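Below is one structure, written out as structure tokens; comments come after it.
We did not get these values from a lab; they are worked out from the coordinates using the rules stated. This is a predicted model, so every value here is computed, not measured. Cβ coordinates were reconstructed from backbone atoms using ideal geometry, including for glycine residues, and neighbour counts include every protein chain displayed.
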Amino acid sequence: MRRWAVLLCCLAVLGAGFAAPAGVTADIYHFTDRDGVVHYTNVQPAGGSWRKMHRSYDESEDLDSQRLPRPSGERRPDPGRVQRYDSHIKEAAQLYQLPEAFIRAIVLVESNFFPDVISEDGAIGLMQLMPATALNMGVLDAFDPRQNVLGGTRYLRVLANRFKGALVLTLAAYNAGDFAVQKSRGVPPYPEPRRYVRRVLHHYYAFRNMSGALAAR
């Protein structure tokens, strides 16, 4: 359990690297500190006692020999439904300076690109906004795809700023709440937020690689 806590707490995208979509990297470095604690980070450590574990996500690659599998029972969404909201995702990414692949991965995990879904807790739409959060983010109609994506991405930007650009903490706060992350001083030690972070990261890397492959054509 502690091993994953270290992994999740240390996977961070800091400062301008997170703010600028083109600057996000999937490189992951592994090192052990003086206390014998194993760390994983996407920021290259100082010194020479580290080694690179991961360059760009691929389903054949792993992190420290632990695969990030496609979540069991999760179906691939219909491509047409995914692409239907591209314009909103691109607009939100440019407005709030977050990677398109990151937003798209969250939409996939939250709603599987269904704009009218409501959770048992009352979260609404593509990015599963709670009514109070939607209101705070200026969303008048959470079922409207554009408003929902813009509001959800604005909230992500707020969280990213609050946690100084730490990608994993931003995801954990989006799922479990910023208070829970602050109280735990990291990803809350519960299965749901940890599973959520892993799922979003899995799809983020997949979408990111897909975009890179299309751009190279």
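One table, with the values for the structure above:
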item: Spin-label pair Arg84/Tyr190, simplified geometry with 7 Å Cα→Cβ offset, distance in nm; result: 3.2 nm
item: C-alpha center-to-center spacing [segment 109-125, segment 147-201] in angstrom; result: 17 Å
item: Other-chain or far-sequence residues with amide H under 5 Å of Leu129's (modelled H); result: Ile124
item: Ordering of 94-104, 146-156 by packing [mean C-beta count within 10 Å, highest first]; result: 146-156, 94-104
item: In range of the label at Asp121: residues from segment 158-172 whose backbone nitrogen is under 12 Å from the point 7 Å along Cα→Cβ; result: 172
